[in-house]
1. Within the stretch 2-27, which residues are among the hydrophobic types (A, V, I, L, M, F, W, C), in a loop (DSSP other than H, G, I, E, B) and modelled with pLDDT of 70 or more?
2. Just for the stretch 36-60: of the residues that are among the charged types (D, E, K, R), over 18 Å from residue 18 (Cβ atoms) and modelled with pLDDT under 95, which one is nearest to the chain's Cα centre (by Cα)?
3. So which pairs qualify, if the first residue must be in the stretch 21-42 and under 15 Å from residue 55 (Cα atoms), the second must be part of a helix (DSSP H, G or I) and among the small types (Gly, Ala, Ser), the Cβ gap must be under 9 Å, and the two must be at least 6 apart or on different chains?
Amino acid sequence: MSQVFVELDIPNDLQNFTLPAALDKRLQSLLDKQDVDGKLSRDEREEAKAITDLVDMLSLLKLRARNAKKQGK
C-alpha cells in the first residue's frame, strides 16, 4: 500500500471542518427520500455515498487535527 503525506494548515477553530450547508441539506433530502420511498435510484445512492465519504473524511481530519494539536505539532 502506498502512503501520501499531506501537510495542511489547520485552523484553530476546528468547526471550520464541517460539511457545507448545501451538501448537508442534499444528504438529508436523499435520506428523507429513502425513508419515505424505501429506495433511491442508482445515481442518488452514488451521490449519497459520495457525500457520506466526504463526511467521513472531514471527521477523520478533525480527529487527526485534534490529536496533532494535543501533541503540540
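The values are calculated or read from the model by the stated rules, or taken from the named source; none is laboratory data. Owing to the predicted nature of the structure, the values given are computational and were not obtained by experimental measurement. In this analysis, Cβ positions are derived from the backbone assuming ideal geometry, glycine residues included, and neighbour counts consider all displayed protein chains.
1. Taking the stretch 2-27 and keeping what is among the hydrophobic types (A, V, I, L, M, F, W, C), we get 4-6, 8, 10, 14, 17, 19, 21-23, 27.
Going one step further and asking which of them are in a loop (DSSP other than H, G, I, E, B), we end up with 4-6, 8, 10, 17, 19.
Residues satisfying the conditions are 4, 5, 6, 17, 19.
2. Narrowing the stretch 36-60 to residues among the charged types (D, E, K, R): 37, 39, 42-47, 49, 53, 56.
With over 18 Å from residue 18 (Cβ atoms) added as a condition, the list becomes 37, 39, 42-47, 49.
Subsequent filtering for residues that are modelled with pLDDT under 95 retains 37, 39.
On the way: 37: 25, 39: 22 Å.
Among those residues, the one meeting the criterion is 39.
3. 26/48; 27/48; 30/48; 31/48
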